[in-house]
Amino acid sequence: MNNDERRQDVENTIREYSDLLFRTCFLMLKNRHDVEDVMQETFIKYMTKNPKLDSEAHKRAWLLRVSQNKCKNLLRFHRMHMHVSYENMQENLASKEKIDNEYFEEFMKISRLDFKYKSVIMLYYAEGYSIEEVADILQISISAVKMRMKRAKEKLKVIYEKDLKKEVGVNVI
């Protein structure tokens with residue numbers, strides 16, 4: 001691949017996968033500026049490593065894996081346990097118009113989960129990967145994906161129940 005073809009490939013990759021990486025990274029980091037940093041680092045790694053990828057699906061999986069690892073590293077580095085209010089979350093989410101308002105509440109509930117749970121939920125339900133593909137992207141076993149899915153669903157059930165009780169005015173302990 002000559003320089004012009006490589007440059008065109010990088011531009012197309014950035015154009016095609018920016019929204020996907022933004023959504024998945026935002027769920028992990030909850031901060032637009034950190035997400036932009038991770039996206040930039042991911043695309044720089046793609047440019048400098050020039051990985052030999054067999055297909056678009058392989059490229060997508062590679063970009064997701066790299067961005068997920070960079071998110072984990074950033075979370076580990078900053079030890080982020082940040083609370084962001086609902087209003088600040090809407091302002092901070094630059095591409096909120098791309099997320100249907102109907103699903104924004106569910107998006108917020110998923111973002112409350114630990115990284116290991118929201119990553120499997122996001123890849124499986126939002127991005128449509130199979131359990132095997134999620135295992136490959138996150139580099140964990142299939143049984144670990146299934147267990148994380150089960151635990152994430154249990155945690156989401158508790159979150160939904162608490163929110164429902166708040167809506168109907170029942171005191172939640």
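The values are calculated or read from the model by the stated rules, or taken from the named source; none is laboratory data. Note that the coordinates shown come from a computational prediction; the quantities given were computed from them, not determined experimentally. Ideal geometry is used to build each Cβ from the backbone, glycine not excepted, and the neighbour counts take in all protein chains shown.
Things worth noting here:
- Residues within region 114-144 that are within 20 Å of Lys30 (Cα to Cα) and assigned to a helix (DSSP H, G or I), tallied: 13
- On inspection, Ala135 does not qualify as under 19 Å from the mean Cα position of the chain (by Cα), at pLDDT below 80 and under 24 Å from Leu63 (Cβ atoms).
- Within region 128-157, tally of residues that are within 20 Å of Ser67 (Cβ to Cβ) and crowded, with 17+ Cβ neighbours inside 10 Å: 9
- If you go through region 38-60 and keep only what is assigned to a helix (DSSP H, G or I) and exposed (fewer than 15 other Cβ atoms within 10 Å of the Cβ), you end up with Gln40, Ile44, Met47, Thr48, Lys49, Glu56, Ala57, His58.
- Cβ-Cβ under 8 Å pairs, at least 6 apart or on other chains, region 47-71 side in contact (Cβ under 8 Å) with a residue 24 or more places away in the chain and of a type in the set (Val, Ile, Thr), far side in a helix (DSSP H, G or I) and surrounded by fewer than 19 Cβ atoms within 10 Å (Cβ to Cβ): Val66/Lys45
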